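J.: Quick one: structure below, then a few questions.
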Amino acid sequence: MSVRLYALDGCPWCEKAAEALDDAGVAYETEWVDALHSDRNGVKRVSGQRGVPVLVDEERGVTMAESANIVEYVEKSLA
């Protein structure tokens, strides 16, 4: 799967990003991160930071954070 969303269960910003992907019909994999900020090493390895959501689009070579940026990217590039 070329699109991956790093998310935290119950995170409203993560839900917003996931909803944009769902609405656009994009197939993606969710990587659930640990609630403890200091344990989010997987997302830090791909994005350089531990905050979520983070979208990784391997096919296009795009990695981005911030739900508003992700929603805009999905609507413009993946829909």
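The values are calculated or read from the model by the stated rules, or taken from the named source; none is laboratory data. Remember, it's a predicted structure, so these values are computed and weren't measured experimentally. Please note: Cβ atoms are built from the backbone with ideal geometry, for glycine as well, and neighbour counts cover all protein chains shown. These accessible areas exclude ligands, DNA and RNA; they are computed on the full protein's heavy atoms, side chains included. Shrake-Rupley method; radii C 1.70, N 1.55, O 1.52, S 1.80 Å.
J.: Nearest 5 percent is fine: what portion of the DSSP beta bridges confined to the chain is antiparallel?
T.: 65
J.: Related question: Keeping all protein chains in the complex and leaving out DNA, RNA and ligands, what accessible area do you get for Val54 with a 1.4 Å probe, in Å² to the nearest 10?
T.: Roll a 1.4 Å probe over it and Val54 shows about 0 Å².
J.: Give the span of the chain's Cα atoms along each principal axis, as three whole-Å numbers ordered largest to smallest.
T.: 34, 25, 20
J.: On to the next question. Report the relative contact order of the chain, percent, no decimals, based on alpha-carbon pairs under 8 angstrom and at least 6 residues apart.
T.: Here the relative contact order equals 38 percent.
J.: If R0 is 22 Å, what FRET efficiency do you get for Ser2 and Glu75 from their C-beta distance, rounded to 0.05?
T.: 0.80
J.: Also, quick follow-up: For Asp34, what accessible surface area do you get with a 1.4 Å probe? Give it in Å², rounded to 10.
T.: Asp34 exposes around 70 Å² with every protein chain in place.
J.: Would you work out which of Leu36, Ala7, Pro53 lies farthest towards the positive end of the dipole of region 3-65, given +1 charges on the beta-carbon of Lys and Arg and -1 on that of Asp and Glu, about the Cα centre?
T.: Result: Leu36.
J.: May I pose another question? Can you give me the % of accessible surface on the chain that is carbon or sulfur? Probe 1.4 Å, all protein chains present, nothing else counted.
T.: Here carbon and sulfur together make up 45 percent of the probe-accessible area.
J.: Could you calculate the contour length gain from Ala68 to Glu15, that is, 0.36 nm times the residue separation minus the distance between their Cα atoms, to one decimal place in nm?
T.: Working it through step by step, the gained length comes to 17.9 nm.
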